[in-house]
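The values are calculated or read from the model by the stated rules, or taken from the named source; none is laboratory data. Keep in mind that what you see is a predicted model, and the values were worked out from it rather than measured. With ideal geometry, Cβ positions are generated from the backbone for all residues, glycine too; neighbour counts draw on all protein chains shown. To get the accessible areas, we keep the full protein, side chains included, count just its heavy atoms, and leave off ligands, DNA and RNA. Shrake-Rupley method; radii C 1.70, N 1.55, O 1.52, S 1.80 Å.
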Amino acid sequence: MTRGAPMRELDRRSFLTAAVGGAAGAGLLGQTLLVDGEVTEVRSTRLMMGTLVTVTAVTRNPDRAELGVERAFAEMSRLESVFTRHDPSGGVARLNEAGVLADPAPELVALLRRCRTVYERTDGAFDPTVLPVLTAYESGQNRPLDARQRAAEATFDAVTVSDSELRTPTPITLDGVAKGAVVDAGVATLRDWVDAGLVEAGGDVRAFGGADDRWRVGVEDPRNDGLAATLRLDSGGVATSGDYRVYYDEDRTEHHIVTPGTGRSPTEDTSVTAVAPDAETADAHSTAAFVMADDRASSFVDARDDLSALFLTRDGGRRTAGDWDALLDD
């Protein structure tokens, strides 16, 4: 098949299974919270970051909750403009164009420093310098060999991050972490207004204040209709990385997740769903685990107290790591 513009299964990026139909990699399932007496639920869904974003607030004061939801969306919109590579006037695009960015936004500096931590923790499995391969595919190149060579040669070690200046010899992308970071920012804002809430953005989830594991999060089975698992959470983040959202060939052996050091897409798994204390951690580590070899990925998750994961393989198998089974909704 001739490669060109990416193919997308947009129906898989919708969510709220009970309310809208179709689940993303992970998503809130229907009306999960009890609305009893003076306690009610305020929910709003909007288009943001190329997907649907839902903010849910549980409160005894609906007017205050509505303000909190509006403030959460405003903060997420602000940070989206900071982290995106698609806005030519944004910091990431200007850094990629010139190789240097003076006086970067503090939020961008902080996120890049956290990316450095994940890069080192995963021995380079999470690396924002894989953008040349994605750009080659997105521009319609059939065989982006030069881009793959650049990806194999460049690493995040070469990126310089300071409060006053950013430098990179190769373009970077924050696609593997920015959505989780934006979701966490929405939750941080919402916390100032309500006691319990949840933000869901195209499969990245962050919940808080859910007594008795009342939040139910569904994990899609990308090869079959329905869900691969349903989780119960009171707080924390969930994110899925997979080969089924953006891909460049019919077999989905070339897709939007790229292995650092080779410039090629991993093909062992079809999705990895991670559960962590926050959405950013889940987002970055689901990406890293997806590109790791299966044994290494499972061992990596098992070695960390703050991670659990579900791996769905291309041949229809599944395996878990960490305390995944303890999170399941029986």
Give the residue that is surrounded by the most Cβ atoms within 10 Å (Cβ to Cβ), with candidates limited to residues of the stretch 161-172 that are assigned to a loop (DSSP other than H, G, I, E, B) and more than 21 Å from the chain's Cα centre (by Cα).
Thr168
Here is a check on your reading of the model: is Asp175 under 16 Å from His285 (Cβ atoms), open to solvent by 50 Å² or more (accessible area, probe 1.4 Å) and not polar (S, T, N, Q)?
yes
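For every residue, the table says whether it meets (1) within 16 Å of Phe208 (Cβ to Cβ); (2) assigned to a strand (DSSP E or B); (3) of a type in the set (A, V, I, L, M); (4) modelled with pLDDT under 50.
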residue: Arg12; (1), (2), (3), (4): no, no, no, yes
residue: Thr17; (1), (2), (3), (4): no, no, no, yes
residue: Thr45; (1), (2), (3), (4): no, yes, no, no
residue: Ala65; (1), (2), (3), (4): yes, no, yes, no
residue: Gly68; (1), (2), (3), (4): yes, no, no, no
residue: Phe73; (1), (2), (3), (4): no, no, no, no
residue: Ser77; (1), (2), (3), (4): no, no, no, no
Examine the stretch 147-160 for a residue that is open to solvent by 10 Å² or more (accessible area, probe 1.4 Å) and modelled with pLDDT of 95 or more, and state whether such a residue exists.
yes
Among the residues of the stretch 180-224, the number that are over 13 Å from Ala65 (Cβ atoms) and either at pLDDT 90 or above or assigned to a strand (DSSP E or B) (or both) is 23
Taking the condition of being open to solvent by 10 Å² or more (accessible area, probe 1.4 Å) and of a type in the set (A, V, I, L, M), how many residues in the stretch 277-306 meet it?
3
From the set of residues in the stretch 307-327 that are within 21 Å of Gly209 (Cβ to Cβ) and either of a type in the set (A, V, I, L, M) or touching a residue at least 40 places away in the same chain (Cβ under 8 Å) (or both), which is least open to solvent (accessible area, probe 1.4 Å)?
Leu327
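Residue-wise test of (1) among the acidic types (Asp, Glu); (2) loosely packed, with under 15 Cβ neighbours inside 10 Å.
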site: Arg43; (1), (2): no, no
site: Thr59; (1), (2): no, no
site: Pro62; (1), (2): no, yes
site: Leu67; (1), (2): no, no
site: Glu80; (1), (2): yes, no
site: Asp87; (1), (2): yes, yes
site: Ala110; (1), (2): no, yes
site: Thr117; (1), (2): no, yes
